[in-house]
Each structure stands twice: as C-alpha cells, then as structure tokens.
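Every number here is computed from the coordinates shown, using simple stated rules; none is lab data. The structure displayed is predicted, hence computed values, not measured ones. Heads up, the Cβs are rebuilt from the backbone with ideal geometry, glycines too, and the neighbour counts pull from every protein chain shown.
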Amino acid sequence: MIKDPWRVAALGVTITRIPTPEIRVLRLRGFDDSVLAALDRCLAVDLPRKPNDAAGADPRAIGLAPGEWMIVGGGVPSEALLAAAAGARIAHVADLGEGRVCYAIAGPRARDLIAKGCTIDLHPRAFGSSRAVQSALAQVFVLIDRPSDEPVFHIYAEVSYAQHLDLWFADAVLEFHSQDAD
C-alpha cells in the first residue's frame, strides 16, 4: 500500500492521495431478498440494488454489477458478511484494500479536472451522491464515487497505476495554475 502523502492544488481544485480505506468486494450468486436484507442489517446500510448506485458513508456500499458490490470502510469483518450471506448459493468476499490507491478530488473545479481525462457526465443532475461509476480516467480503469453532495469525488485505481495518476493529475492541474494569475 502507498503510504506517502501526495497532494497538488490549484485554483478551485485539490487532489489528495488519501490513505486507502478498507475495501472489499462482495459477490453473490443465487440469492434472494432475504439475503440482501440480512446483509443490509449486517452493514447497517442498504446495499444498492442497481449497478452504479451507492449508499452510506462508513461503510460505503457501491453497486458494481448485479450481485456485486464494493464495500468501503465500515470495519465489518468479512466473516460477518459471509455469515449474513449464508442463504446465497455462492458468496465470496475479497479484500482489495492493499491493492488500491484512493484520490480525493475536491473543489468547485473538481468536475472540470476529471472531465479532462474521462467522458462520464459528472454534473450533479446526472451524478449525485448516490452514484458511482467504473470508467477510464487518464487511460486507467478506475472507479469514480461521489460520496456526498459536496464537490468531492473519490477515485479508486489499482495501486500499480499510482505513479501514472500522480503525474497525470500534476499535469492536468497546470491549466488551473495558469488561471491563478488571472
């Protein structure tokens, strides 16, 4: 896991590599509403029922695909998740935290910065705090999450792309530095 702090800022935007929270992927096959209800109780948050929807703060549950969620934080042990999912034909929990890097992009120009390397519509009407999406950013496969109604986005990527993303963010923010002088 990358522990070195990294931050770059310019007019209206700050990019910070934040400590990677606990990240797990929960996959289920052959399950019904009673399994989802048990998992909702275990997590104390309702798992999103559709991909690209997200719910909660800590833990944050992000729908990746039908029957697949990314669980960020919360401290709920994997064993507890598996016990809650006991009624599913197949239940699997994978710990991804050490293999991911997380960036917080914040400020009124956060959407503009992300738009430089991504084609997703991040306008609040299309991408509110209950949304997350897997996409390419700077030619890297990432998950983009908007954890609140504030202009903050969390970007999750494989840790092996951290240096590439550091360099891309540092280059992409140059445009905003030139606007500082205006």
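Considering the Cα trace of the range 1-62, what is its radius of gyration and what is Dmax, both in angstroms?
For the range 1-62, the Cα radius of gyration and maximum Cα-Cα distance read 16.4, 50 Å.
At a 10 angstrom cut-off on C-beta neighbours, averaged per residue, how do the peptides 77-87, 45-55 rank from highest to lowest?
Final packing ranking: 45-55, 77-87.
Rounded, prolate or oblate: which one fits the range 131-182, using the alpha carbon gyration tensor with axes a ≥ b ≥ c (rounded when a/c is under 1.5, else prolate when a/b beats b/c, else oblate)?
oblate
Enter the angle in degrees (range 0 to 90, nearest 10) between the Cα long axis of helix 162-172 and the first principal axis of the Cα atoms of the chain, meaning the one along which they spread out most.
Between the helix axis and the principal axis of the chain, the angle is about 40 degrees.
Rounded to the nearest 20 Debye, what is the dipole magnitude of the range 1-53 about its Cα centre when Lys and Arg each give +1 and Asp and Glu each give -1 at the C-beta? The partial results should precede the final answer.
Values: 9 positive and 7 negative charges, 51 e Å.
Charge dipole, the range 1-53, about its Cα centre: 240 debye, nearest 20.
Please give the Cα centre distance for the range 6-43 versus the range 83-149, rounded to the nearest Å.
8 Å
Which value results when the Cα radius of gyration for the range 23-97 is divided by 2.2 N^0.38 Å?
0.93
Which angle from 0 to 90°, rounded to the nearest 10, does the C-alpha axis of helix 33-43 make with the longest principal axis of the chain?
Compared with the principal axis, the helix lies near 60 degrees.
Around Asp46, with a cut-off of 13 angstrom between Cβ atoms, what is the net charge of the other residues, counting Lys and Arg +1 and Asp and Glu -1?
Neighbour charge sum, excluding Asp46 itself: +1.
Classify the chain as rounded, prolate or oblate, taking a ≥ b ≥ c as the square roots of the eigenvalues of its Cα gyration tensor: rounded when a/c is under 1.5, otherwise prolate if a/b is larger than b/c and oblate if not. Numbers along the way, then the final one.
Details: a/c = 2.52, a/b = 1.98, b/c = 1.27.
Because a/c hits 1.5 or more and a/b exceeds b/c, the chain counts as prolate.
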